[in-house]
Amino acid sequence: MDGGAGVLAHSQASRRLRLAAIGGRGPVDPSCSLIVDFRSDSLRLHLIGEPRCESARGITRLARLDAALLLLLAAQQEQPRDRVAAWLWPGAAQSNANLNLRQRLFKLRRRLDHPVVEAKAVLRLADGVQTDLDQGQPLPPDGELLGGLDFGDLEAFDAWLTDQRDALEQRRADALSGEAARLEARGAYAEAI
């Protein structure tokens with residue numbers, strides 16, 4: 001077996017054993033032909049309340065800039081790389097801000113063991129990443145976006161975040177109004193109040 005094939009076989013065996021450990025099962029037979037790519041595991045971002053990430057590995061608290069980056073992508077679906085870098089590192093030259101962003105994305109992927117962001121000229125959340133802001137998901141009844149973290153040092157992001165926090169409160173109010181209307185239509189007036 002050449003060196004490259006040996007490394008690949010070792011990597012695949014390590015993935016199998018690691019999957020077994022995450023799933024709570026015993027070691028997997030190394031001859032098993034099923035290879036699971038951990039990067040395709042689902043990930044759930046909680047951006048309302050304390051920012052955190054939930055995965056098969058457990059719950060990981062998100063750092064302030066990581067939470068800001070992920071909220072930008074969760075709320076807007078796509079963001080130009082240069083804009084994200086400029087918003088998160090407003091005092092840096094664009095080339096330095098882009099370098100900071102590249103390093104932050106690298107560290108975030110390593111920390112979460114997941115390619116949480118597809119990083120090209122336009123950034124977006126990777127497939128399999130879900131958030132508590134996804135349409136069709138029930139909103140948590142309380143909690144502020146990014147848990148009330150202060151971003152006053154990031155002027156453009158802070159202004160955008162204030163608008164997003166207001167929009168979240170409006171979504172909650174609309175959901176309550178809709179529920180009250182459904183209850184009234186059923187004649188459940190006491191519940192509607």
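Just one of 119, 68, 97, 75 is farther than 21 Å from residue 158 by Cα and hydrophobic (A, V, I, L, M, F, W, C); which is it? First the steps, then the outcome.
Values: 68 fails: farther than 21 Å from residue 158 by Cα; 97 fails: farther than 21 Å from residue 158 by Cα; 75 fails: farther than 21 Å from residue 158 by Cα.
The match here is 119.
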Check every one of the helices (runs of 4 or more DSSP H) wholly within segment 43-149 and list those with 1 or more residues that are without any contact (Cβ under 8 Å) to a residue 12 or more places away in the chain, open to solvent by 80 Å² or more (accessible area, probe 1.4 Å) and within 20 Å of residue 161 (Cα to Cα).
81-88
Of the residues in segment 150-164, how many are assigned to a helix (DSSP H, G or I) and surrounded by 13 or more Cβ atoms within 10 Å (Cβ to Cβ)?
6
Residues of segment 165-193 classified as surrounded by 12 or more Cβ atoms within 10 Å (Cβ to Cβ) and either outside any helix (DSSP H, G or I) or hydroxyl-bearing (Ser, Thr, Tyr) (or both), total
1
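The values are calculated or read from the model by the stated rules, or taken from the named source; none is laboratory data. Since the structure is predicted, the reported quantities are computational estimates derived from the model, not experimental observations. When we count neighbours, we look across all protein chains shown, and the Cβ atoms used for this are built from the backbone with ideal geometry, even at glycine. Each accessible area value is taken on the protein alone, full model and side chains, heavy atoms only, with ligands, DNA and RNA left out. Shrake-Rupley method; radii C 1.70, N 1.55, O 1.52, S 1.80 Å.
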